[in-house]
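Let me begin by presenting the structure, written as structure tokens, before commenting on it.
What follows draws every value from the coordinates through simple rules; no lab data is involved. Everything quoted here is computed from the prediction, not taken from an experiment. A quick note on method: Cβ atoms are made from the backbone with ideal geometry, for glycine too, and the neighbour counts reach across all protein chains shown.
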Amino acid sequence: MFRKSAHQPLFGGTRYDYYDQGRKLGSVVFEKRFGKSVYLYDVEIDEPYRNHGYGTNMINEADSFTQSLYPDLRKLTLRVQIDNEIAYRLYTKCNYHITGRGTGTVTMEKPFANVLSKAYAR
């Protein structure tokens, strides 16, 4: 479950803390960008909860959570450092795909399920 955080970023977006069974496990910033996209950044699972599947749960729940906030959106976007293999594997596992490359980073996107189903219905 996501709850709006008391600690907000200085520049854009809204930070949400991620909870499971009443425990705060991590946080993420969601920023609506480019019309129909939400950009995720500062994705973090607190140290004691890493490597227990909570990151996967948080990223997967981010899909339905952002759709509830912004029903007209089409995709989630994020950027990850090329040398951050753990994060890259996590996002790949959660069905993100590389859509661009920058200096030391890759941009990854995940289309919303409702957009995919509409595209295949044609």
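Hey, what number do you get for the chain at 222 nm if only DSSP H runs of n ≥ 4 count, each worth -39500 (n - 2.57), divided across all residues, to the nearest 500? Write down the numbers at each step before the final one.
Values: 3 runs with 34 residues, N = 122.
Mean residue ellipticity at 222 nm (helix-derived): -8500 deg cm²/dmol.
Setting aside same-chain residues fewer than 8 positions from K36, which aspartates and glutamates have a Cα under 16 Å from its Cα?
K36 reaches D63, D72, E109.
In debye, nearest 20: dipole of the chain around its Cα centre with unit charges on the Cβ of K, R (+) and D, E (-)? Write out the running numbers ahead of the final one.
On the way: 18 positive and 13 negative charges, 104 e Å.
For the chain, the charge dipole is close to 500 debye.
Under a straight-distance cross-link criterion of Cα-Cα below 18 Å, which lysines are reachable from K24, leaving out those fewer than 8 residues away in the same chain?
In chain and number order, the partners are K4.
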